[in-house]
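Worksheet: the structure to be examined is printed underneath.
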Amino acid sequence: MVEASPIISVRGLRNAFGDQVIHDQLDLDVRRGEIIGVVGGSGTGKSVLMRSIIGLQEPVEGEVEVFGTSMRGKEEDEAFEVRKRWGVMFQGGALFSTLTVAENVQVPLREFYPHFDMKLLDEIARYKIHLSGLPPEAAHKYPSELSGGMRKRAGLARSLAMDPELLFLDEPTAGPDPIGASKF
């Protein structure tokens, strides 16, 4: 049996901030259907690795491919088609404070599918909010009106908005109450 090509391939990754080396010659392959957890203490480079893969952090050295496309040196518009295929939940949810939960969930949909009408956007947002475990009334609240765990679930709802093939979750169980974290 021939093993499928990886959907994420990292070769020789080196990330450094001044003299502080975070990754040195890191290699990683992730294949379709795999669930990979990167575990380590605070400041060990877990978020830096994710940011390097999704193109928010330019590594000092190495190659990063996602869905067979190099992510190194890509301008935002060049990575557009690849970015449509993943969802990202950042630490703390990284919600827009001036948008409601529903509007935050709609952000990636509006970016990649600007022709969607408001009724469809509202329907998708309601479904993703429900899927994330938030009550329906959370849709109309602003991030400042939510608990830490609710903000995390709102970030999860947004990361799922596009039904992504690939999902990046940065510290998905940090912040929620122990029961919420265990359900996750």
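The values are calculated or read from the model by the stated rules, or taken from the named source; none is laboratory data. Quantities reported herein were computed from a predicted structural model and do not represent experimental measurements. Reconstructed Cβ throughout: ideal geometry from the backbone, glycine too, with neighbour counts over all protein chains shown. These accessible areas exclude ligands, DNA and RNA; they are computed on the full protein's heavy atoms, side chains included. Shrake-Rupley method; radii C 1.70, N 1.55, O 1.52, S 1.80 Å.
Just name the residue that is modelled with the lowest pLDDT out of those in region 81-105 that are outside any loop (DSSP other than H, G, I, E, B) and open to solvent by 60 Å² or more (accessible area, probe 1.4 Å).
At the first step, the residues of region 81-105 found to be outside any loop (DSSP other than H, G, I, E, B) are 81-83, 86-89, 91-93, 101-105.
Filter again for open to solvent by 60 Å² or more (accessible area, probe 1.4 Å), leaving 81, 91, 103.
Details: GLU81: 89, GLN91: 82, GLU103: 98.
Top of the filtered list is GLN91.
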When residues of region 29-58 are filtered for being open to solvent by 40 Å² or more (accessible area, probe 1.4 Å) and closer than 17 Å to SER70 by Cα, how many remain?
-> 6
Pairs, please: C-beta under 9 Å, at least 6 apart or cross-chain, first residue assigned to a helix (DSSP H, G or I) and in region 50-78, second open to solvent by 90 Å² or more (accessible area, probe 1.4 Å)?
-> MET50/LEU56; SER52/GLU58
From the option list VAL30, VAL48, single residue qualifying as of a type in the set (A, V, I, L, M), farther than 16 Å from GLU171 by Cβ and touching a strand residue (DSSP E or B) at 6+ places or on another chain (Cβ under 9 Å) is VAL30
Tally the residues that are in contact with an Asp or Glu (Cβ under 6 Å, 6 or more places away or on another chain) and hydrophobic (A, V, I, L, M, F, W, C), restricting the search to region 45-93.
-> 2
From ALA138, ALA157, ALA125, residue being open to solvent by less than 30 Å² (accessible area, probe 1.4 Å), touching a His at 6+ places or on another chain (Cβ under 9 Å) and not in a loop (DSSP other than H, G, I, E, B) = ALA157
So PHE116 fits all but one of (1) closer than 20 Å to ARG85 by Cα; (2) in a loop (DSSP other than H, G, I, E, B); (3) in contact (Cβ under 8 Å) with a residue 40 or more places away in the chain; what number is the exception?
-> (3)
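Quick one: how many residues across region 1-16 are loosely packed, with under 11 Cβ neighbours inside 10 Å and in a strand (DSSP E or B)? Don't jump to the end; show me each part of the working.
Filtering region 1-16 for residues loosely packed, with under 11 Cβ neighbours inside 10 Å gives 1-4.
Retained after the next criterion (residues that are in a strand (DSSP E or B)): none.
Number of matching residues: 0.
Could you pull out the residue among GLY155, GLY133, GLY92 that is closer than 30 Å to GLY18 by Cα and touching a helix residue (DSSP H, G or I) at 6+ places or on another chain (Cβ under 7 Å)?
On the way: GLY155 fails: closer than 30 Å to GLY18 by Cα; GLY133 fails: closer than 30 Å to GLY18 by Cα.
When all the criteria are applied, what remains is GLY92.
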What are the residues in region 110-167 that are more than 20 Å from the chain's Cα centre (by Cα) and among the acidic types (Asp, Glu), if any?
-> ASP117, ASP122, GLU123, GLU137, GLU145
